[in-house]
1. Determine the share of the stretch 1-106's accessible area contributed by carbon and sulfur atoms, expressed in whole percent, with a 1.4 angstrom probe.
2. Within 10 Å of each candidate Cβ there may be at most 13 other Cβ atoms; applying that plus a DSSP loop requirement, which trypsin sites (Lys or Arg not before Pro) in the stretch 93-155 survive?
3. Is the stretch 61-102 rounded, prolate or oblate when judged by the Cα gyration tensor, a ≥ b ≥ c being the square roots of its eigenvalues, rounded requiring a/c under 1.5 and prolate requiring a/b larger than b/c?
4. Could you size up the charge dipole of the stretch 1-118 around its Cα centre, putting +1 on the beta carbon of Lys and Arg and -1 on that of Asp and Glu, and report it in debye to the nearest 20?
5. Which of rounded, prolate or oblate describes the stretch 57-160 when judged by the alpha-carbon gyration tensor and an a/c cut-off of 1.5?
6. Using Cα pairs under 8 angstrom and six or more residues apart, how large is the relative contact order of the stretch 2-88, in percent?
7. Pairs of lysine in the stretch 1-157 with Cα under 22 Å and at least 8 positions apart or on different chains: total?
8. Can you give me the accessible area per residue for the stretch 30-86, using a 1.4 Å probe, in Å²?
Amino acid sequence: MDRTRSGERDQLTIKARLRIPRTAYRLDIRGQLRLPFTARQQSRLRTKLVSGEEVELMLPHGETLRGGDLVTASDGRVIEVVAEEEKVLHVEADSPRALARIAYHLGSRQVPVEVGDGFLRLAQDREFEEMMIKLGAKVRQAEAPFEPEPGQGGNARDHHHGHDHVHDEHCGHDHHHHGAARKA
């Protein structure tokens, strides 16, 4: 059995997310991993299954787990990922246009946003709450699973485009493909 040593105890590891649709095969799901969004973005994490069993995530860098994903454990078990309820801002507006305008302002600030049918959700933040109210939003604090839209490249956190380094004005190349204006 592929388990890592943690002191005297063997530790269950999760190294892969199943890439097949849930309905493709009859699967015996034998555990749940309940995590908030910030933890589901981490490729390395020590945590516990809902049962209390310790587990270590060792996923490929940049992989984000979503509620409903299935992962495989080192002992062969299939484990379901559950999006934990967390403190969010639930945002509604009087019209689809007004909601789109609010989403535009959040997107221009690269805020992870969940887009629902007639609503937006984002992590609680007083500054963004005030901004959205000024834009005419109806904002309420809530506890709900948080599943923001994947960012550029399919991940709500990372955006890779063929090279790794800090992205700022001193990195030595143009980032016009990030939505910034090109310097003349």
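1. Carbon and sulfur: 47 percent of the exposed surface of the stretch 1-106.
2. Values: sites: Arg97, Arg101, Arg109, Arg121, Arg126, Lys134, Lys138, Arg140; in loops: Arg109.
For trypsin sites (Lys or Arg not before Pro) across the stretch 93-155 that sit outside H, G, I, E and B with at most 13 neighbouring Cβ atoms in 10 Å, the list reads Arg109.
3. Prolate is the answer for the stretch 61-102, as a/c is 1.5 or above and a/b outweighs b/c.
4. Charge dipole of the stretch 1-118: 320 debye, to the nearest 20.
5. Working: a/c = 2.73, a/b = 2.01, b/c = 1.36.
Cα axes put the stretch 57-160 in the prolate bin.
6. Details: 172 pairs, mean separation 32.3, N = 87.
After rounding, I find 37 percent.
7. On the way: Lys15/Lys48; Lys48/Lys87; Lys87/Lys134; Lys87/Lys138.
Value for the stretch 1-157: 4.
8. On a per-residue basis, 43 Å².
The values are calculated or read from the model by the stated rules, or taken from the named source; none is laboratory data. Remember, predicted model here, so these are calculated numbers, not experimental data. Every residue, glycine as well, gets a Cβ built from its backbone with ideal geometry; the counts of neighbours run over all protein chains shown. All accessible areas refer to the heavy atoms of the entire protein, side chains included, with ligands and DNA or RNA removed. Shrake-Rupley method; radii C 1.70, N 1.55, O 1.52, S 1.80 Å.
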